[in-house]
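Step one of this worksheet: look at the structure below.
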Amino acid sequence: MIPLLERYSDYLPLTAETPLLTLGEGSTPLLRARHLERELGCGVLYLKYEGMNPTGSFKDRGMVLAVAKAVERGARSVICASTGNTAASAAAYAASAGLACSVILPAGYVAPGKLAQALVYGARVVPIDGTFDQALALVRGAAAVSGAELVNSVNPFRLEGQKTGAFEICDTLGSSPDVVALPVGNAGNITAYWKGFREYRDRNVVQGVPRMWGFQAEGAAPLVQGRPVDHPQTLATAIRIGKPARGDEALAAVANSGGLLDAVSDTEIMDAYRLVASTEGVMCEPASAASIAGIRKRVAAGEDLSESTVVAILTGHGLKDPATALAQFGELVPVPATLESVLHPIGTAPV
Ligand code: F0G
């Protein structure tokens, strides 16, 4: 596998002084979802499984470049606000580059896997009594006074790295898909994908661009509602964001691609989360399933995708958030260790 910065060096702002960091990011699977495409009514549906990145989310594509550029300019530390995945990714790449890392998180709303990652990779973890949006405001101030590199998606290098997801989709398909669906939080990823698709079209690698479909959680849908949300709420904590930093660019991506933004409820998200895992064998995190929930909702509302090639970006790995996974099920009560009792709950069919 070619490291991301080398694979797409012609499209990235690298100089002779940019260290070619890698933890094995990018080149993630594009899986044909044959059961789900029938279930959802898509002509062809692919899952871009970004959970297969080294820290388990798409953030690694942008973080590898943001941290490399921080090293290049001589920074000694990086800082970010995060709902969890950015923190895990920043902590990992900072560790590998020999930089210090600080992360500011909304206390109580970060999935345990992500928190564990940030701690184990050696970051200084500061939970605040507040939201992601407040944390982002704080790290902007902290970066300005400390000289630490701010590695949220307000950092342009993050988006440059993340646009490679669009390149990989086109490289694998040999053309642009018709529709790309993805969850929207701080709105960096939809902005980055849109940039990537346009660059490939402008350089004549592919002919067209897809329609960009972005989905927010109903309780955290500032772009759908057209105003900031002070107290965002959703089970999909990764996208529990009320004032997206890249909101205007996300709106432009949607408008210019002929796409759409919509909100999906937590129930719709969790239904989609179980559906993609139980029909395709792909476990993503709840926020990622907003893309599947959104496609489902739009088809139910009359959108015809029966002739379309659709790609859903599954932004993070399901193992990040085992607590939310287990909360979907009842308690598993042990039975006696006898053949009779293990057969009974399974049913009488031969095992
Ligand atoms: N999916 C996952 C799994 C995420 O972690 C995020 C954002 C998104 C989707 C939304 O992407 O912000 O570019 O619109 N997570 C950030 C974080 C906010 O701190 O990890 P976006």
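The values are calculated or read from the model by the stated rules, or taken from the named source; none is laboratory data. A quick note: this is a predicted structure, and the numbers were derived from the prediction, not measured. Glycine gets a Cβ as well: all are built from the backbone with ideal geometry, and neighbour counts include every protein chain shown. Side chains are part of the model used for accessible areas, which takes the heavy atoms of the whole protein and leaves out ligands, DNA and RNA. Shrake-Rupley method; radii C 1.70, N 1.55, O 1.52, S 1.80 Å.
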Could you give me the ³J(HN,Hα) list for the stretch 198-205, computed from phi with Karplus coefficients 6.51, -1.76, 1.60 and θ = phi - 60°, whole Hz, x at Gly and Pro? 5, 4, 5, 5, 5, 8, 6, 6
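Leaving out ligands, DNA and RNA, what percent of the accessible area of the chain is carbon and sulfur, probe 1.4 Å? Each step should come with its number before you reach the end.
Working: 7820 of 14440 Å².
Its accessible area is 54 percent carbon and sulfur atoms.
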Taking N as its residue count, the alpha carbon Rg of the stretch 144-301 over 2.2 N^0.38 Å: 1.05
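Highest mean first, what order results for 155-161, 38-44, 318-324, 190-196 on Cβ atoms within 10 Å?
Averaged packing, sorted descending, gives the order 190-196, 155-161, 318-324, 38-44.
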Accessible area per residue in Å² at 1.4 Å probe, computed on the stretch 113-187: 36 Å²
Given Cβ charges of +1 for Lys and Arg and -1 for Asp and Glu, the option among L45, V71, S278 whose Cα lies farthest towards the positive end of the dipole of the chain is V71
Determine the percent antiparallel among the DSSP beta bridges restricted to the chain, to the nearest 5. 15 percent
Rounded to whole Hz and in sequence order, give me ³J(HN,Hα) for the stretch 4-16 from the Karplus expression 6.51 cos²θ - 1.76 cosθ + 1.60, θ = phi - 60°, writing x for Gly and Pro. 4, 5, 7, 4, 10, 4, 5, 10, 10, x, 8, 10, 4
Cα-derived Rg over Rh, computed across the chain with Rh taken as Kirkwood radius: 0.99
Positive-end extreme of charge dipole, the stretch 147-298 - chosen from A252, V154, I239 (charges on Cβ): A252
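A 20 angstrom limit on the alpha carbon distance is what I want to check against. Which of K48/K195; K69/K163; K69/K320; K69/K243 exceed it? It would help to have the intermediate numbers written out before the result.
Numbers: K48/K195 17 Å; K69/K163 16 Å; K69/K320 27 Å; K69/K243 27 Å.
Correct reply: K69/K320; K69/K243.
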With only alpha-carbon atoms in the gyration tensor, what are the semi-axes of the equivalent ellipsoid for the stretch 27-147, in Å, largest first? 31, 18, 12
A correct Karplus calculation of ³J(HN,Hα) over the stretch 217-223, with 6.51 cos²θ - 1.76 cosθ + 1.60, θ = phi - 60°, whole Hz and x for Gly and Pro, returns 7, 3, x, 8, 10, x, 6
Starting from the Cα coordinates of the stretch 211-293, work out the convex hull volume and express it per residue in Å³. 82 Å³
Residues with amide H under 5 Å from that of V282, placed H, sequence gap 5 or more: A277
Bins of 10 Å, starting at 0 and running to the largest distance - Cα pair percent for the stretch 104-198: 14, 35, 33, 16, 3
